[in-house]
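Trainee: Mind looking over this structure? Questions follow.
The values are calculated or read from the model by the stated rules, or taken from the named source; none is laboratory data. The shown structure was predicted, so the numbers you read here are calculated from the model rather than taken from an experiment. Cβ placement follows ideal geometry from the backbone for every residue including glycine, while neighbour counts extend to all protein chains displayed.
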Amino acid sequence: MDKPFIRNHQYNLIKKQASLLQNACNTVSDRKVVEAVRSSTLIKMIEAFPEATELQKQYLEKLSTLNKSEDFQRYLLSLEPYMTEFPQLSAAQIKKLFPKVKKLKVPDLDAMDYRYVTYMGWTDIASNKMFIVYQQNGQHIGIEGKFTPTNKKSVCFLCNRHEEVALFTAISKSKPANASPDYYKAIGNYMCVNSDTCNKNISDIAALEKFIGHLQGKHES
């Protein structure tokens, strides 16, 4: 069909919509309700891929026409070759993103399936720190912060799912013009302890990019 064009979070959104429509087809007897779900699915596909080509749109919109469970399964499998990979970095390149961190422990890069990565995230239990690598506008961004486990489940601010979370607190680079030299602003959010789980759930990157923007001083509350 076309070259890869589906990012991980978009694929997760498609899976979510497929599950909703499949459930409606299997359990709802009112045809008007099912058609309403189909219409909603079609709208969500269009909104999620504003830059899709006509051929890509046709393929994505096919989801809204499916009925049987096996059709949904085949459709999702057929999308996998069109998933884009998170841009791979070497251990040395990752370490350059965190120049102030000595002896940075890098995750097992060879074990990653980069198709299913929206952001790279890992923890260093010894230092109670969490590290995030994300690509935005062609540039890799490294974020480090304090990692405080809560030992309970709550809603992750990134994937918006109920999972085991920790409080991730990072220091913003933004400073008021008249700030003292020791001024700092910490920004914290609850996010998944397991980044792999979060990457399987995340279907919208708006919260992640807003968080990064706040840390870089590009968006003020």
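Trainee: Can you tell me which residues in the stretch 97-130 are surrounded by 13 or more Cβ atoms within 10 Å (Cβ to Cβ), within 19 Å of residue 171 (Cβ to Cβ) and not aromatic (Phe, Trp, Tyr)?
Mentor: 97, 101, 104, 121, 123, 124, 127, 128, 129, 130
Trainee: Tally the residues that are within 21 Å of residue 47 (Cβ to Cβ), in contact (Cβ under 8 Å) with a residue 12 or more places away in the chain and in a helix (DSSP H, G or I), restricting the search to the stretch 200-216.
Mentor: Of the residues in that region, 4 qualify.
Trainee: Out of 133, 193, 165, I need the residue that is buried (at least 18 other Cβ atoms within 10 Å of the Cβ) and at pLDDT below 95. Which one?
Mentor: 193
Trainee: Also, I was wondering about something else. Taking residue 146, is it surrounded by fewer than 17 Cβ atoms within 10 Å (Cβ to Cβ) and farther than 30 Å from residue 16 by Cα?
Mentor: Judged against the criteria, residue 146 is a match.
Trainee: Does the stretch 29-75 hold any residues that are in contact with a Phe, Trp or Tyr (Cβ under 9 Å, 6 or more places away or on another chain) and either surrounded by 17 or more Cβ atoms within 10 Å (Cβ to Cβ) or more than 21 Å from residue 2 (Cβ to Cβ) (or both), and which are they?
Mentor: The answer is 49, 52, 56, 59, 60, 63, 66.
Trainee: Could you check residue 157 against (1) within 26 Å of residue 47 (Cα to Cα); (2) in contact with a His (Cβ under 9 Å, 6 or more places away or on another chain); (3) at pLDDT 95 or above and say which number it fails?
Mentor: The number of the failed condition is (2).
Trainee: Inside the stretch 137-156, can you point out the residues that are part of a strand (DSSP E or B) and closer than 14 Å to residue 194 by Cα?
Mentor: 147, 148, 149, 150, 151, 152, 153, 154, 155
Trainee: Somewhere in the stretch 85-92, is a residue loosely packed, with under 14 Cβ neighbours inside 10 Å and not small (Gly, Ala, Ser)?
Mentor: So far as the stretch 85-92 goes, yes, one or more of its residues are loosely packed, with under 14 Cβ neighbours inside 10 Å and not small (Gly, Ala, Ser).
Trainee: Only one of 29, 64, 90, 69 is of a type in the set (Gly, Ala, Ser) and free of Cβ contacts under 8 Å to residues at least 12 places away in the same chain. Can you tell me which?
Mentor: Only one candidate qualifies: 29.
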